[in-house]
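FYI, it's all coordinate maths here, none of it is from the lab. Owing to the predicted nature of the structure, the values given are computational and were not obtained by experimental measurement. A quick note on method: Cβ atoms are made from the backbone with ideal geometry, for glycine too, and the neighbour counts reach across all protein chains shown.
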Amino acid sequence: MTTNELRKPLTVLLKEGDPEAKREEIRQYFHETYDAYEILFQTLASDEAFYRRADPLRHPLIFYYGHTATFFLNKLLLGKFLTQRVNPKFESTFAIGVDEMSWDDLNEAHYDWPAIEEVSEYRNQIRTVIDNLIDETPLTLPVDWDSLYWVIMMGIEHERIHLETSSVLIRQLPAELLDATNAAWQICDEIEGEAPQNELLTVSGGVVKLGKSRDDSLYGWDNEYGQFTAQIGEFKASKFLVSNQEFLEFVEAGGYQNEDYWTPEGWSWVQFKEPTCPLFWVPQANGSYRFRAMLEEIEMPWSWPAETNYLEAKAFCNWKTSTTGEPTRLPTEEEWYRILDYTETPDAPEWEKAPGNLNLEDAASSVPVDRYSFGKGFYDVLGNVWQHTETPIRGFPGFEVHPLYDDFSTPTFDTKHNLIKGGSWISTGNEIIRDSRYAFRRHFYQHAGFRYILSDTPVEIPDDSYETDPEVINFCELHYGSEYFNVENYPEKLAQVALNHVQGRKKKRALNIGCKTGRTAFELGVEFESVTATDFSARMIRIGVDLKEKGYTQYTLPEEGEIVSFHQKNLQELGLDRSRENVEFMQADISNMKNLFTGYDLILVDTSLEKAYNPKKFLDSVHNRLNAGGILIIASNYDWKNERTDRDQWLGGFKVNGENTTTLDSLQSILSPHFKQIDKPFDIQQVLRKHRRSYDHNIVQVTVWEKQS
């Protein structure tokens, strides 16, 4: 199979057409995506390639091989389009751990990776599940956020992202573990030759409009929606992407040894990694360089674009400024879009073929920077390699979180993830449309390079350090804010209840399930040696991570209409600073928890059972997670809702043979074989502030159980 045969159609239009034809179009798009992913992993020539870590901050490739299939299954379960798991162990093992987040579990001791053949068979099973769902479910147009077909598109586009990110990891494996003869992934044969001399071209000023509406015809990630307009003044931009040859000037000028060229973050990275050149350059004993393509090492292609992380690209620009005296930097997101508009580059649905080295339509590598011309004299406005920008990702005004993937975007709204634009040779699907927005940590490597601009307009980075997510800030205030109506702080009170019940017992390890923004975990950490705090929502736990890492967090509170107040809370003022080192935050699903969550003296479940899609599964096995004599505390408001938990999975709130069955009845029945209830049920009040004049007042019942040996 050749690279051209791997080419996939552009992402599917979801608003119009014949419904039956559209259903088959999505089916074909799914299978082609699934096939392309399989073909990528065929480049791994040995089992060792699957199980060796290409990057110490990433899982081995066996994780990513299973992860995209698990993603389909988990999202379909969450959306209630499926009711049964295919392989609960795999769907826990392959669920989380892809982006260096503090809550990612990258400890190899926690994993017993399955055989490649088992994962391959699992992928086949998931393929069948999706096929059957498409067979059984009529499609109605337009396809919107609530549709099964939107979720299938979500899984497809997610796998296309990992087609690219997995290729970057493959590129970091030893070449002897890979099959460079694989016909589907042959690189550009134009290796020799000088790079063209770069020059600056003028880009006229203009208005750029970013973001799209919910009635857009293409699938989109949540951060693409909303509206943002900016007026951009005239600037100059480099005609070509920076080539390997142009970047060599920075290397030979001692760029990696001169702190003056680097941001503080960049210099810390240099001191830690001790690089002397970009990651994919291979230094030789004689002072020359070779080049690492995806599957093999080749002669240095000086005319191909230099591939760097943001920190290196920024240092190059600072060096350029120091040598020329002219204000050189990377473009902002808005300035990149202005170049796109100025060159009159059409969007993907209008293409007959890709206008640049995109969509796997050329080689399985970069190509010379002067191969693909665009309008007004520019080259590689799209494609070849992604282009770094100065802009950390954030939501546009009107941003909304998709309920089935609440941790796609918001965990990256931390000012630490910068946008990359334009796509690379292996970018397909959503990645190559105008509205796509992807961001990575600044030290992260992708198939990414850069072009520079000349502008004395200062870069304005919006201060996103204040949390504004409506649901998250409610819990920030519940955990760290004021008390209302003389009701005690709920998470502090719950922690004190737990600590009172473990007096005179072991206090080595505690597990806090449903930790939200972390207050209860920090309170437990005052007395426990180790507290594992988990929540299903990464949006929530990143506040706890913020507090653990910095000691403080900031958030806005709605007061009235568009009026908000700004708040900073720190652990020291709460007397909790000393517990920071004792608390670890991890993302976890209470209905399908990994086996590593065992060996605890206390398990505290905070208003999580009533939000679980299979609460009984957790209760049936929770005794295995506790040490002998350990304490289980369950706090619940018994608020069962069909949209969260299927009716047949509720623990209470229904009649059996004409008699009322409460959640407490079920807890006592399920837990009694392994637990003794050691206290009468009691209530704790909880006041959740919505805005200055709107509050939710809840009554949470607490039950306490001791594990019987």
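Dividing the mean sequence gap of close Cα pairs (under 8 Å, 6+ apart) by how many residues segment 481-707 holds gives a relative contact order of 19 percent. Ordered by the count of other Cβ atoms within 10 Å of each Cβ, fewest first, 365, 204, 436, 167 give 204, 167, 436, 365.
Placing +1 on the Cβ of every Lys and Arg and -1 on the Cβ of every Asp and Glu, with no other charges, gives segment 242-371 a dipole of roughly 420 debye about its Cα centre.
Which whole DSSP H helices in the chain pass both tests: a Cα extent of 20 Å or more along the axis and a mean Kyte-Doolittle value no lower than -1.0? Don't jump to the answer; show the numbers that get you there.
Numbers: long enough: 19-41 (33 Å, -1.08); 61-78 (25 Å, 1.04); 116-136 (30 Å, -0.62); 148-171 (35 Å, 0.45); 310-324 (21 Å, -0.48).
Flagged H segments are 61-78, 116-136, 148-171, 310-324.
What does the helix-only formula give at 222 nm for the chain: each DSSP H stretch with n ≥ 4 adding -39500 (n - 2.57), the total divided by the residues, and the result rounded to the nearest 500 deg cm²/dmol? Calculated from helices alone, the mean residue ellipticity at 222 nm is -9000 deg cm²/dmol.
With Kirkwood's inverse mean 1/r over C-alpha pairs for Rh, give me the Rg to Rh ratio of the chain, two decimals please. The partial results should precede the final answer.
On the way: Rg = 26.8 Å, Rh = 27.4 Å.
Dividing the radius of gyration by the Kirkwood radius yields 0.98.
Look at the dipole of the chain built from charges on Cβ: of 327, 429, 622, the Cα furthest out on the positive end belongs to 622. For the residue pairs 273/594; 506/676; 273/548; 616/641, alpha carbon separations beyond 22 Å are given by 273/594; 273/548. Charged neighbours of residue 613, selected by a Cβ distance under 14 Å, balance to +3 (K, R count +1; D, E count -1). When 256, 219 are sorted by how many other C-beta atoms sit within 10 angstrom of their C-beta, beginning with the fewest, the order is 256, 219.
Under a Cβ-Cβ cut-off of 13 Å, what is the net charge of the residues other than residue 582 that fall near it, where Lys and Arg count +1 and Asp and Glu count -1? Walk me through the numbers on the way to the answer.
Numbers: positive: 507, 508, 509, 548, 578, 580; negative: 523, 527, 529, 577, 581, 584.
Around residue 582, the surrounding residues sum to 0.
So if I place +1 on the C-beta of Lys and Arg and -1 on the C-beta of Asp and Glu, and nothing else carries charge, what would the dipole magnitude of the chain be about its Cα centre? I want it in debye, nearest 20.
Values: 71 positive and 113 negative charges, 448 e Å.
Taking the Cα centre of the chain as origin, the dipole is about 2160 debye.
Taking the Cβ of each residue in 678, 634, 232 as the centre, tally the other Cβ atoms inside 10 Å and list the residues starting with the fewest.
On the way: 678 12, 634 25, 232 22.
Lowest count first: 678, 232, 634.
The Cβ shell under 9 Å around residue 142 holds other residues with a net charge of -2, Lys and Arg each +1, Asp and Glu each -1. As a ratio to 2.2 N^0.38 Å, the alpha-carbon radius of gyration for segment 258-363 is 1.35.
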